[in-house]
1. Just tell me which lysines come within less than 17 Å, Cα to Cα, of Lys48; anything on the same chain fewer than 8 places away is out.
2. Kindly provide the chymotrypsin sites (Phe, Trp or Tyr not before Pro) of the range 29-136 that DSSP labels as loop, not H, G, I, E or B, and whose Cβ sees at most 10 other Cβ atoms within 10 Å.
3. Rounded to the nearest percent, how much of the accessible area of the chain (1.4 Å probe, protein heavy atoms only) is carbon and sulfur?
4. May I ask for the net charge around Gln127, where only other residues with Cβ less than 12 Å from the Cβ of Gln127 are counted and Lys, Arg are +1 while Asp, Glu are -1?
5. Please sort by residue number the GluC sites (Glu not before Pro) in the range 185-242 whose DSSP state is loop and whose Cβ has at most 16 other Cβ atoms within 10 Å.
6. Sort out for me the Cα centre separation of the range 185-221 from the range 18-91, rounded to whole Å.
7. Among the trypsin sites (Lys or Arg not before Pro) within the range 102-162, which fall in a DSSP loop and have no more than 14 other Cβ atoms within 10 Å of their own Cβ?
8. Over the Cα atoms of the range 27-140, Rg to Rh with Kirkwood Rh, two decimal places?
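The values are calculated or read from the model by the stated rules, or taken from the named source; none is laboratory data. No experiment lies behind these values; they were computed from the predicted model shown. A quick note on method: Cβ atoms are made from the backbone with ideal geometry, for glycine too, and the neighbour counts reach across all protein chains shown. Side chains included, ligands, DNA and RNA excluded: accessible areas come from the protein's heavy atoms. Shrake-Rupley method; radii C 1.70, N 1.55, O 1.52, S 1.80 Å.
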Amino acid sequence: MRRAVVFGATGGIGETICQDLARAGWSLYVHYCHDQPKAEKISQELMKEHPNQDFMTIQFDFASDHQQMKQFIQSLLPVNAVVFAQGITKYGFLNDQKLTEIEKVIQINLTTPIELTKLFEATLLKQDFSRIVYLGSVYGGQGSALESVYSATKAGLSRFAQAYSREVASTGLSVNVVAPGAVNTPMNAMFSKEVMNEVQEEIPAGRLAEGKDIAYWVKTLLEPESSYCTGQTIYVSGGWLL
Ligand SMILES: NC(=O)c1ccc[n+]([C@@H]2O[C@H](COP(=O)([O-])OP(=O)(O)OC[C@H]3O[C@@H](n4cnc5c(N)ncnc54)[C@H](OP(=O)(O)O)[C@@H]3O)[C@@H](O)[C@H]2O)c1
(Lines give C-alpha, C1' and ligand atoms only; values in the text may rest on other atoms or scores of the structure.)
Protein backbone atom coordinates (compact mmCIF):
# COMPACT_ATOMS: atom_id res chain seq x y z
CA MET A 1 0.00 0.00 0.00
CA ARG A 2 1.33 3.44 -0.92
CA ARG A 3 1.24 6.02 1.86
CA ALA A 4 1.85 9.78 1.75
CA VAL A 5 2.02 12.53 4.34
CA VAL A 6 0.11 15.67 3.34
CA PHE A 7 1.27 18.55 5.52
CA GLY A 8 -1.26 21.38 5.57
CA ALA A 9 -4.09 18.97 4.72
CA THR A 10 -6.57 21.32 6.43
CA GLY A 11 -5.72 24.16 4.02
CA GLY A 12 -7.73 24.99 0.92
CA ILE A 13 -5.15 23.37 -1.37
CA GLY A 14 -4.13 20.55 1.02
CA GLU A 15 -7.68 19.24 1.40
CA THR A 16 -8.08 18.88 -2.38
CA ILE A 17 -4.67 17.21 -2.63
CA CYS A 18 -5.89 14.63 -0.06
CA GLN A 19 -9.08 13.98 -2.04
CA ASP A 20 -7.19 13.54 -5.33
CA LEU A 21 -4.49 11.31 -3.82
CA ALA A 22 -7.11 9.17 -2.08
CA ARG A 23 -8.95 8.71 -5.39
CA ALA A 24 -5.62 7.62 -6.93
CA GLY A 25 -5.31 4.87 -4.27
CA TRP A 26 -3.01 6.50 -1.72
CA SER A 27 -3.31 6.00 2.03
CA LEU A 28 -2.67 9.26 3.84
CA TYR A 29 -1.49 10.99 6.94
CA VAL A 30 -3.81 14.00 7.11
CA HIS A 31 -1.78 16.69 8.88
CA TYR A 32 -3.11 19.69 10.80
CA CYS A 33 -1.61 22.28 13.09
CA HIS A 34 -4.60 24.03 14.77
CA ASP A 35 -7.70 22.74 12.99
CA GLN A 36 -8.23 19.25 14.42
CA PRO A 37 -12.01 19.15 13.66
CA LYS A 38 -11.35 19.80 9.96
CA ALA A 39 -8.62 17.14 9.81
CA GLU A 40 -10.95 14.59 11.49
CA LYS A 41 -13.75 15.47 9.06
CA ILE A 42 -11.49 15.09 6.00
CA SER A 43 -10.14 11.80 7.30
CA GLN A 44 -13.59 10.35 8.11
CA GLU A 45 -15.02 11.32 4.73
CA LEU A 46 -12.05 9.74 2.95
CA MET A 47 -12.44 6.55 5.01
CA LYS A 48 -16.09 6.28 3.95
CA GLU A 49 -15.23 6.79 0.28
CA HIS A 50 -12.12 4.57 0.26
CA PRO A 51 -12.62 1.84 2.90
CA ASN A 52 -9.61 -0.22 1.74
CA GLN A 53 -7.11 2.60 2.40
CA ASP A 54 -5.85 4.13 5.69
CA PHE A 55 -6.43 7.75 6.69
CA MET A 56 -4.86 8.97 9.93
CA THR A 57 -4.78 12.50 11.28
CA ILE A 58 -1.51 13.86 12.67
CA GLN A 59 -0.85 17.09 14.54
CA PHE A 60 2.47 18.88 14.22
CA ASP A 61 3.46 22.52 14.63
CA PHE A 62 6.17 23.58 12.15
CA ALA A 63 7.35 26.06 14.79
CA SER A 64 8.53 23.06 16.88
CA ASP A 65 12.15 22.41 17.80
CA HIS A 66 14.47 19.77 16.34
CA GLN A 67 13.90 17.20 19.13
CA GLN A 68 10.11 17.35 18.66
CA MET A 69 10.64 16.91 14.91
CA LYS A 70 12.70 13.76 15.46
CA GLN A 71 10.10 12.26 17.79
CA PHE A 72 7.34 13.15 15.34
CA ILE A 73 9.07 11.40 12.41
CA GLN A 74 9.79 8.31 14.54
CA SER A 75 6.06 8.00 15.34
CA LEU A 76 5.13 7.55 11.64
CA LEU A 77 4.80 4.41 9.53
CA PRO A 78 7.04 4.30 6.42
CA VAL A 79 5.84 6.61 3.65
CA ASN A 80 6.49 6.81 -0.09
CA ALA A 81 5.72 10.50 -0.48
CA VAL A 82 5.72 13.76 1.44
CA VAL A 83 3.71 16.79 0.31
CA PHE A 84 4.39 20.13 2.01
CA ALA A 85 1.16 22.12 1.53
CA GLN A 86 1.37 24.06 4.80
CA GLY A 87 2.36 27.72 4.73
CA ILE A 88 1.77 31.14 6.18
CA THR A 89 2.33 34.71 5.07
CA LYS A 90 2.58 38.06 6.81
CA TYR A 91 1.27 40.88 4.62
CA GLY A 92 2.81 44.34 5.04
CA PHE A 93 5.86 46.52 4.62
CA LEU A 94 9.08 44.87 5.78
CA ASN A 95 9.82 47.85 7.98
CA ASP A 96 6.66 47.17 10.01
CA GLN A 97 7.58 43.54 10.77
CA LYS A 98 9.23 42.30 13.93
CA LEU A 99 12.13 39.84 13.69
CA THR A 100 10.01 37.19 15.47
CA GLU A 101 7.33 37.51 12.74
CA ILE A 102 9.94 37.28 9.98
CA GLU A 103 11.53 34.22 11.58
CA LYS A 104 8.16 32.51 11.99
CA VAL A 105 7.35 32.77 8.26
CA ILE A 106 10.82 31.46 7.38
CA GLN A 107 10.59 28.60 9.86
CA ILE A 108 7.13 27.37 8.83
CA ASN A 109 7.63 27.80 5.07
CA LEU A 110 11.31 26.90 4.63
CA THR A 111 13.47 25.82 7.59
CA THR A 112 11.17 23.15 9.00
CA PRO A 113 10.38 21.65 5.56
CA ILE A 114 14.14 21.38 4.93
CA GLU A 115 14.76 19.77 8.33
CA LEU A 116 11.83 17.36 7.90
CA THR A 117 13.13 16.45 4.44
CA LYS A 118 16.41 15.46 6.05
CA LEU A 119 14.63 13.37 8.65
CA PHE A 120 12.34 11.65 6.09
CA GLU A 121 15.22 10.81 3.74
CA ALA A 122 16.15 7.41 5.21
CA THR A 123 12.61 6.04 5.02
CA LEU A 124 11.97 7.50 1.54
CA LEU A 125 15.14 5.95 0.12
CA LYS A 126 14.01 2.47 1.27
CA GLN A 127 10.98 2.59 -1.08
CA ASP A 128 11.02 1.36 -4.69
CA PHE A 129 10.16 4.93 -5.67
CA SER A 130 9.52 8.00 -3.56
CA ARG A 131 8.44 11.61 -3.92
CA ILE A 132 8.67 15.00 -2.28
CA VAL A 133 6.56 17.95 -3.45
CA TYR A 134 6.71 21.42 -1.89
CA LEU A 135 4.03 24.03 -2.53
CA GLY A 136 5.94 27.07 -3.80
CA SER A 137 4.45 30.19 -5.35
CA VAL A 138 4.72 32.47 -8.38
CA TYR A 139 6.13 34.89 -5.79
CA GLY A 140 9.16 32.60 -5.55
CA GLY A 141 9.91 33.52 -9.18
CA GLN A 142 8.68 37.15 -9.14
CA GLY A 143 9.01 38.78 -5.73
CA SER A 144 5.85 40.45 -4.46
CA ALA A 145 5.91 43.81 -2.67
CA LEU A 146 4.40 43.54 0.85
CA GLU A 147 5.19 39.81 0.89
CA SER A 148 8.97 40.05 0.69
CA VAL A 149 9.74 37.44 3.35
CA TYR A 150 7.11 35.04 1.99
CA SER A 151 8.58 35.54 -1.53
CA ALA A 152 12.05 34.76 -0.16
CA THR A 153 10.85 31.49 1.42
CA LYS A 154 9.18 30.35 -1.79
CA ALA A 155 12.27 31.21 -3.90
CA GLY A 156 14.31 29.34 -1.30
CA LEU A 157 12.14 26.23 -1.65
CA SER A 158 12.61 26.21 -5.43
CA ARG A 159 16.39 26.43 -5.24
CA PHE A 160 16.55 23.97 -2.34
CA ALA A 161 14.45 21.44 -4.28
CA GLN A 162 16.63 21.86 -7.37
CA ALA A 163 19.87 21.36 -5.44
CA TYR A 164 18.65 18.54 -3.17
CA SER A 165 17.03 16.68 -6.08
CA ARG A 166 20.51 16.34 -7.60
CA GLU A 167 21.83 14.70 -4.43
CA VAL A 168 19.17 11.96 -4.55
CA ALA A 169 18.28 11.71 -8.26
CA SER A 170 19.84 8.27 -8.70
CA THR A 171 17.81 6.76 -5.82
CA GLY A 172 14.25 6.98 -7.22
CA LEU A 173 13.40 9.93 -4.95
CA SER A 174 12.15 12.87 -7.01
CA VAL A 175 11.91 16.35 -5.51
CA ASN A 176 9.79 19.09 -7.10
CA VAL A 177 7.89 22.30 -6.39
CA VAL A 178 4.36 23.04 -7.55
CA ALA A 179 4.07 26.83 -7.56
CA PRO A 180 0.53 28.23 -7.75
CA GLY A 181 -0.58 31.71 -8.77
CA ALA A 182 -3.62 33.05 -6.91
CA VAL A 183 -5.83 30.29 -5.52
CA ASN A 184 -9.32 30.63 -4.07
CA THR A 185 -8.50 29.54 -0.48
CA PRO A 186 -8.62 30.94 3.09
CA MET A 187 -5.02 32.19 2.64
CA ASN A 188 -6.46 35.06 0.57
CA ALA A 189 -9.31 35.79 3.01
CA MET A 190 -7.44 38.87 4.29
CA PHE A 191 -7.99 40.60 0.93
CA SER A 192 -11.22 42.43 0.03
CA LYS A 193 -13.44 41.28 -2.83
CA GLU A 194 -12.34 44.38 -4.80
CA VAL A 195 -8.64 43.48 -4.44
CA MET A 196 -9.29 39.88 -5.48
CA ASN A 197 -11.27 41.14 -8.51
CA GLU A 198 -8.29 43.28 -9.51
CA VAL A 199 -5.99 40.25 -9.21
CA GLN A 200 -8.40 38.21 -11.32
CA GLU A 201 -8.34 40.84 -14.06
CA GLU A 202 -4.55 40.45 -14.28
CA ILE A 203 -4.70 36.67 -14.73
CA PRO A 204 -4.66 35.72 -18.43
CA ALA A 205 -6.83 32.64 -17.74
CA GLY A 206 -9.50 35.04 -16.42
CA ARG A 207 -10.06 33.35 -13.05
CA LEU A 208 -8.38 32.38 -9.82
CA ALA A 209 -7.21 28.78 -9.49
CA GLU A 210 -9.28 26.30 -7.51
CA GLY A 211 -7.60 23.70 -5.30
CA LYS A 212 -8.13 21.02 -7.95
CA ASP A 213 -6.07 22.99 -10.51
CA ILE A 214 -3.08 22.64 -8.17
CA ALA A 215 -3.79 19.17 -6.73
CA TYR A 216 -3.75 17.65 -10.23
CA TRP A 217 -0.03 18.45 -10.63
CA VAL A 218 0.85 17.17 -7.17
CA LYS A 219 -0.96 13.89 -7.86
CA THR A 220 0.73 13.59 -11.26
CA LEU A 221 4.21 14.14 -9.79
CA LEU A 222 3.51 11.34 -7.29
CA GLU A 223 2.78 8.80 -10.04
CA PRO A 224 5.53 6.22 -10.72
CA GLU A 225 5.65 7.34 -14.38
CA SER A 226 6.78 10.85 -13.28
CA SER A 227 10.14 9.65 -11.97
CA TYR A 228 12.27 11.45 -14.61
CA CYS A 229 10.88 14.86 -13.62
CA THR A 230 12.94 16.12 -10.69
CA GLY A 231 14.33 19.41 -9.40
CA GLN A 232 11.64 21.40 -11.21
CA THR A 233 9.36 24.23 -10.21
CA ILE A 234 6.09 23.86 -12.08
CA TYR A 235 4.23 27.19 -12.19
CA VAL A 236 0.46 26.69 -12.21
CA SER A 237 -0.78 30.25 -12.51
CA GLY A 238 -3.20 30.57 -15.45
CA GLY A 239 -0.42 32.47 -17.26
CA TRP A 240 -0.08 35.04 -14.44
CA LEU A 241 3.39 36.49 -13.62
CA LEU A 242 5.36 33.45 -14.83
N1 LIG B 1 -3.80 30.34 -1.75
C2 LIG B 1 -2.97 30.88 -2.64
O3 LIG B 1 -3.32 31.82 -3.38
C4 LIG B 1 -1.56 30.35 -2.78
C5 LIG B 1 -0.78 30.83 -3.84
C6 LIG B 1 0.52 30.37 -3.99
C7 LIG B 1 1.03 29.45 -3.10
N8 LIG B 1 0.25 28.98 -2.07
C9 LIG B 1 0.87 28.02 -1.16
O10 LIG B 1 0.13 26.82 -1.13
C11 LIG B 1 0.20 26.23 0.18
C12 LIG B 1 -1.22 26.00 0.70
O13 LIG B 1 -1.91 27.25 0.71
P14 LIG B 1 -3.46 27.35 1.10
O15 LIG B 1 -4.03 28.45 0.29
O16 LIG B 1 -4.09 26.00 1.06
O17 LIG B 1 -3.32 27.87 2.60
P18 LIG B 1 -4.39 27.85 3.79
O19 LIG B 1 -5.75 27.49 3.30
O20 LIG B 1 -4.20 29.15 4.51
O21 LIG B 1 -3.85 26.64 4.71
C22 LIG B 1 -2.65 26.77 5.42
C23 LIG B 1 -2.25 25.41 5.98
O24 LIG B 1 -1.01 25.58 6.72
C25 LIG B 1 -1.17 24.98 8.01
N26 LIG B 1 -0.37 25.67 9.00
C27 LIG B 1 -0.53 26.95 9.45
N28 LIG B 1 0.35 27.20 10.44
C29 LIG B 1 1.09 26.07 10.63
C30 LIG B 1 2.13 25.68 11.51
N31 LIG B 1 2.60 26.50 12.44
N32 LIG B 1 2.62 24.43 11.42
C33 LIG B 1 2.16 23.56 10.48
N34 LIG B 1 1.16 23.85 9.63
C35 LIG B 1 0.63 25.09 9.70
C36 LIG B 1 -2.65 25.10 8.32
O37 LIG B 1 -3.01 24.13 9.31
P38 LIG B 1 -4.19 24.41 10.41
O39 LIG B 1 -5.32 25.08 9.67
O40 LIG B 1 -4.56 23.06 10.92
O41 LIG B 1 -3.57 25.27 11.44
C42 LIG B 1 -3.26 24.81 6.95
O43 LIG B 1 -3.35 23.42 6.74
C44 LIG B 1 1.02 27.20 1.03
O45 LIG B 1 2.38 26.77 1.05
C46 LIG B 1 0.90 28.51 0.27
O47 LIG B 1 2.01 29.35 0.52
C48 LIG B 1 -1.02 29.41 -1.90
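1. Straight-line reach from Lys48, under 17 Å: Lys38.
2. Within the range 29-136, the qualifying chymotrypsin sites (Phe, Trp or Tyr not before Pro) (loop, at most 10 other Cβ atoms within 10 Å) are Phe93.
3. So the carbon and sulfur contribution to the accessible surface is 51 percent.
4. That sum, taken over residues with Cβ under 12 Å, equals +2.
5. Answer in residue order: Glu210.
6. What the calculation gives is 23 Å, centre to centre.
7. Passing both the DSSP loop test and the Cβ count: Lys126.
8. Checking Rg against Rh, the ratio lands at 1.00.
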